[in-house]
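The values are calculated or read from the model by the stated rules, or taken from the named source; none is laboratory data. Owing to the predicted nature of the structure, the values given are computational and were not obtained by experimental measurement. Every residue, glycine as well, gets a Cβ built from its backbone with ideal geometry; the counts of neighbours run over all protein chains shown. For accessibility, only protein heavy atoms count, side chains too; no ligands or nucleic acids. Shrake-Rupley method; radii C 1.70, N 1.55, O 1.52, S 1.80 Å.
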Amino acid sequence: MDASSNARGAGGPRRIATLAEALAVVLVLAVVFACHARWIFTHFSNDAYLCDSGWIAFLFEQADPLLRNPRAVVGMACAGTNAPTFLAHHLSPHIFLFGAPFSVFGISGIDILAYHQGLFFSLFLLALYLVIAPVRLPAHERFVAMLAALAIGTLANVLLQAAAYPHYETAMFAVSSMAIAAGLAGYRRLFVCCLAWLPMIREDGGLYAAVVCFSCLTVEHGENRRLGFATPTLVIAAGIGIVVSVAAFVVKATYFPGFDAFSKNFAGDHWRHVTRAFVVERAQAMLANWNIAPVLAGSVVLSIIDVRYVTGIVLLAPLFLLHMLSVRPEHGHFTLYFALPWLLPVLIWLAVLVRRMSDRRASGIEKTIFVVLACALTAPVQALIGTPQARWDVALQAFRRPIVDIAGMKKVARSTHASYASSAAERGQKQCASMGIAALIPDDLAPGEVISPDSDISSCLTVLLLRGDMHYAELTAKAKASGFRLTIIRENAEVWLRDTH
């Protein structure tokens with residue numbers, strides 16, 4: 001049998017293995033999509049809140065290019081007192097462009113948000129796979145890379161932490177990851193589409209585009225370069241991204257005032273909050289954060305082997321420093337979705353490792369360190385060792401918590417509000433609703449009608465509560481003490497009326 005016959009003979013098993021790998025990837029992507037999409041439905045069924053999930057779901061559903069805010073958030077702390085449009089917070093055509101195709105078919109904003117989260121969390125996993133897929137590796141090394149990618153792309157604690165606080169900026173993180181993967185794999189059209197999309201997600205998207213370009217240049221630096229783009233082309237693209245972001249910040253400040261996002265989220269009162277003790281506390285918090293410490297330690301240790309491993313930390317250092325010094329603890333402690341950028345350096349680690357394995361330069365110790373770090377970042381491991389940041393509960397809630405008739409809850413909330421509107425107006429009273437109900441019908445309620453445990457409900461004619469809401473116990477106790485009784489129940493939506501007997 002000649003060599004060509006041997007090659008043809010080997011081609012069959014190779015094609016079967018390739019097909020099996022593709023099917024496995026599709027299956028895992030479907031599971032990731034289902035997990036994150038289902039979590040949105042359980043969230044609105046049980047513990048929805050107005051800021052930000054209910055607000056964003058409303059924006060997706062409206063298909064309004066000017067992103068008019070719902071009535072309930074205008075005047076709330078999350079939106080500011082003079083922000084009739086979401087564009088006062090962020091320039092984000094992405095919200096309109098993603099939501100409009102669904103909205104024209106009557107799909108609800110909650111459904112659209114579920115599809116959005118499922119899609120973009122899945123895209124991060126796909127980006128990790130695309131870093132590996134085009135590169136020919138020995139079977140055992142491919143297994144190492146795929147195992148690490150699977151751990152990071154499905155179980156990273158940061159992903160579940162972000163899922164627990166649904167926000168559209170998951171798209172920024174996912175598209176940046178996909179852009180890096182596409183650039184390194186030579187998928188030119190996908191790369192260009194990702195770069196063009198980033199500035200539409202938020203006004204700083206052009207800066208992320210610059211990070212993407214410089215990441216690709218750094219990872220492919222040196223001999224055996226396989227990057228499909230010339231260095232000047234990527235430098236020019238990075239420069240354009242920076243210019244676009246600067247222009248977006250100027251447009252936002254000039255034409256959409258009403259909410260100073262930079263001062264509220266970062267600078268505070270001209271950075272007066274930044275003291276030596278403040279910086280020490282934030283630095284200690286970073287080093288104690290298991291979402292961050294393995295990334296910092298891994299970048300240092302791996303960079304001893306190959307300096308390219310530190311690429312992500314260096315390029316994103318201004319962003320991380322800005323967050324660390326932020327006046328808001330959510331930013332400074334990298335809680336919620338603010339920790340997502342910490343996974344971009346990990347994706348770059350994978351890209352560097354794959355190239356080193358392709359060049360037969362990766363040692364066994366190097367591969368072991370990478371797999372250990374990848375596992376350390378996962379939610380099950382963090383839950384097992386009891387880290388404060390562990391969010392394995394989010395994955396469990398996604399499949400264990402019930403999904404109820406959300407449309408039915410919205411219907412009873414709206415019908416109750418409409419039925420008592422005249423009576424409330426005549427008596428000089430208002431109708432009150434918890435954050436969970438407000439998230440379902442944000443445009444039906446005025447800001448003053450949204451109540452918290454500290455609210456005075458003596459002037460309320462009706463009280464609408466969502467069973468399972470974050471303040472449900474306190475609000476039910478307050479309603480009973482104020483003479484209200486539970487009158488109507490629809491799924492987890494409750495209508496409390498004053499007991500006149």
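Suppose the filter is charged (D, E, K, R), in contact with a Phe, Trp or Tyr (Cβ under 8 Å, 6 or more places away or on another chain) and surrounded by fewer than 18 Cβ atoms within 10 Å (Cβ to Cβ); does Arg272 pass it? The answer is no for Arg272. Scanning the stretch 313-321 for any residue that is aromatic (Phe, Trp, Tyr) and open to solvent by less than 20 Å² (accessible area, probe 1.4 Å) turns up at least one such residue. Only residues that are touching a helix residue (DSSP H, G or I) at 6+ places or on another chain (Cβ under 8 Å) and either at pLDDT 90 or above or over 16 Å from Gly75 (Cα atoms) (or both): list them for the stretch 257-266, please. Residues satisfying the conditions are Asn265, Phe266. Selection of first residues in the stretch 436-451 that are touching a residue at least 60 places away in the same chain (Cβ under 8 Å) and of second residues that are among the polar types (S, T, N, Q), restricted to Cβ pairs under 7 Å at least 6 apart or on distinct chains, gives the following pairs, ordered by first then second residue: Ala439/Ser53; Glu449/Gln431. Residues in the stretch 386-408: is at least one part of a helix (DSSP H, G or I), touching a helix residue (DSSP H, G or I) at 6+ places or on another chain (Cβ under 6 Å) and without any contact (Cβ under 8 Å) to a residue 40 or more places away in the chain? Scanning the stretch 386-408, I find no residue that is part of a helix (DSSP H, G or I), touching a helix residue (DSSP H, G or I) at 6+ places or on another chain (Cβ under 6 Å) and without any contact (Cβ under 8 Å) to a residue 40 or more places away in the chain, so the answer is no. Out of the residues in the stretch 384-438 that are among the basic types (Lys, Arg) and under 27 Å from the mean Cα position of the chain (by Cα), state the one that is farthest from Asn289 (Cα to Cα). Ranking the candidates gives Lys410 first. Would you mind stating whether Arg38 is within 18 Å of the chain's Cα centre (by Cα) and surrounded by fewer than 24 Cβ atoms within 10 Å (Cβ to Cβ)? For Arg38, the condition - within 18 Å of the chain's Cα centre (by Cα) and surrounded by fewer than 24 Cβ atoms within 10 Å (Cβ to Cβ) - is met. Residues in the stretch 483-501 that are open to solvent by 40 Å² or more (accessible area, probe 1.4 Å) and part of a loop (DSSP other than H, G, I, E, B): Glu491, Asp499, Thr500, His501. Filter the stretch 328-347 down to the residues that are among the β-branched types (Val, Ile, Thr) and within 16 Å of Leu125 (Cβ to Cβ) and list them by number. Across the stretch 328-347, the qualifying residue is only Val346. Considering only residues in the stretch 124-144 that are modelled with pLDDT of 95 or more and aliphatic (A, V, I, L, M), the one that is nearest to His36 (Cα to Cα) turns out to be Leu125. The set of residues in the stretch 275-305 being outside any helix (DSSP H, G or I), open to solvent by less than 40 Å² (accessible area, probe 1.4 Å) and out of contact with any helix residue (DSSP H, G or I) (no Cβ under 6 Å at 6 or more places or on another chain) consists of Asn289 alone. Of all residues in the stretch 18-34, exactly one satisfies the criterion of being under 22 Å from the mean Cα position of the chain (by Cα) and either among the acidic types (Asp, Glu) or open to solvent by less than 20 Å² (accessible area, probe 1.4 Å) (or both), namely Val32.
Could you list, in sequence order, the residues of the stretch 147-176 that are among the hydrophobic types (A, V, I, L, M, F, W, C) and more than 25 Å from Phe60 (Cβ to Cβ)? Result: Leu147, Ala148, Ala149, Leu150, Ala151, Ile152, Leu155, Ala156.
Consider the stretch 342-376 and keep the residues that are among the polar types (S, T, N, Q) and assigned to a helix (DSSP H, G or I). The one that is farthest from the chain's Cα centre (by Cα) is Ser358. For the stretch 210-254, taking the residues that are part of a loop (DSSP other than H, G, I, E, B) and open to solvent by 50 Å² or more (accessible area, probe 1.4 Å), the one that is modelled with the lowest pLDDT is identified as Glu223. Residue count for the stretch 327-349 under the criterion of being surrounded by 24 or more Cβ atoms within 10 Å (Cβ to Cβ) and either without any contact (Cβ under 8 Å) to a residue 12 or more places away in the chain or farther than 20 Å from Leu160 by Cα (or both): the result is 2. Select from the stretch 73-92 the residues that are within 20 Å of the chain's Cα centre (by Cα), of a type outside the set (Gly, Ala, Ser) and in a loop (DSSP other than H, G, I, E, B) and write down the one among them that is modelled with the lowest pLDDT. Ranking the qualifying residues of the stretch 73-92, first place goes to Cys78. Does Val74 meet the test of being closer than 30 Å to Ala253 by Cα, β-branched (Val, Ile, Thr) and open to solvent by 40 Å² or more (accessible area, probe 1.4 Å)? Yes: the conditions hold for Val74.
Of the helices (runs of 4 or more DSSP H) that lie entirely inside the stretch 93-209, those containing 1 or more residues that are open to solvent by 40 Å² or more (accessible area, probe 1.4 Å) span 93-103, 109-132, 139-155, 188-201.
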